[in-house]
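Have a look at the structure below before the remarks.
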Amino acid sequence: MNSGSPRSRLKRRLKQEEIEEICEAAEDAARKTLFAELSQKQVSDFEIAVEATGDKPLTLTVDISASPGLSNRRLGRLIEEACDRAFEAAEQKAKELGVA
């Protein structure tokens with residue numbers, strides 16, 4: 001399991017729909033990163049949770065958990081990378097929405 005909580009300074013308060021778009025972008029990026037290298041058969045009990053709190057700054061928390069079908073070390077590295085990609089995608093989506 002891995003999580004992180006970078007904060008982003010925003011230009012304005014976000015609408016609920018914008019927060020949802022940012023969280024969805026983060027979750028999609030994490031999922032794509034993991035399954036670009038793994039098949040779904042290699043990971044069981046897989047879960048990604050992206051939570052947004054606050055508004056200025058907005059704090060995102062990304063939690064990824066999975067039961068390994070491969071070495072814990074390799075899975076840990078992939079989860080770390082997936083978290084990084086999730087935060088990058090969230091930042092990019094905020095820029096696309098014109099709030100970052």
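With respect to the chain, whose longest principal axis is taken over its alpha-carbon atoms, helix 16-37 is tilted by about 20°. As a ratio to 2.2 N^0.38 Å, the alpha-carbon radius of gyration computed for the range 45-91 takes the value 1.31. Residues VAL99, VAL50, arranged from fewest to most other Cβ atoms within 10 angstrom of their Cβ, appear as VAL99, VAL50. Three principal axis extents describe the C-alpha atoms of the chain; from largest down they are 43, 18, 17 Å.
Annotation for the range 33-49 versus the range 50-98: alpha-carbon center distance of 14 Å. Between 0 and 90 degrees, the angle of helix 72-96 with respect to the longest Cα principal axis of the chain falls at about 20 degrees.
What is the local net charge at ARG77, summed over the other residues whose Cβ is closer than 15 Å to its Cβ (Lys, Arg +1; Asp, Glu -1)? Here the count lands on -1. Sorted ascending by nearby beta carbons within 10 Å, beginning with the fewest, ASP55, ASP28 become ASP55, ASP28. What does the charge add up to near GLU47, with Lys and Arg as +1, Asp and Glu as -1, over the other residues with Cβ less than 14 Å from its Cβ? Taking every other residue near GLU47 into account, the sum is -3. Here is how the number arises for the chain: DSSP H runs of 4 or more residues each give -39500 (n - 2.57), the sum is divided by the residue count, and the result at 222 nm is -16500 deg cm²/dmol.
Coordinate-derived values only; no laboratory data. Everything numeric here is computed off the predicted structure, so don't read it as measured data. Because the Cβ atoms are built from the backbone with ideal geometry, glycine has one as well, and the counts that use them run over all protein chains shown.
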